[in-house]
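The values are calculated or read from the model by the stated rules, or taken from the named source; none is laboratory data. Everything numeric in this text was worked out from a predicted model, so none of it was measured. Accessible surface is based on the protein model in full, side chains and every heavy atom, while ligands, DNA and RNA are left aside. Shrake-Rupley method; radii C 1.70, N 1.55, O 1.52, S 1.80 Å.
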Amino acid sequence: MSEGPPGLNTAERPERIAKLLARAGMCSRRDAERWIAEGRVSVDGEVLTSPAVAVGNDAEIRVDGKPLPAPERPRLWRYHKPAGLVTSHRDEKGRPTVSAHCQRSYHG
């Protein structure tokens, strides 16, 4: 058996695969579900067909044949959202988002 993804200690309960992929900084949970449907994600050598999989610390997780990177450090954001901003990283309709607004405020 492999060590499993870094950051998942033995005291933790198994977590859904999409959550682990998102926490590792690979993609969003929704993108992870799409990747699984596309056959890009495997656990212990078996290609997943459903995101309804809980993964423990002894699982070998791969995306496109590559091991899962270490999860990103948890971050907490506190923000007073002005009216009119969409709470998302990106918006398909081109509306201003909290993510873009925070980046401009932080960098500028």
Accessible area, 1.4 Å probe, largest first: how do Val63, Val86, Val47 sort?
Val47, Val86, Val63
SASA check, Arg95, accessible area w/ 1.4 Å probe, all protein chains in place, rounded to nearest 10 Å², comes out at 110 Å²
Most to least accessible of Glu60, Glu15, Glu38 (protein chains only, probe 1.4 Å):
Glu38, Glu60, Glu15
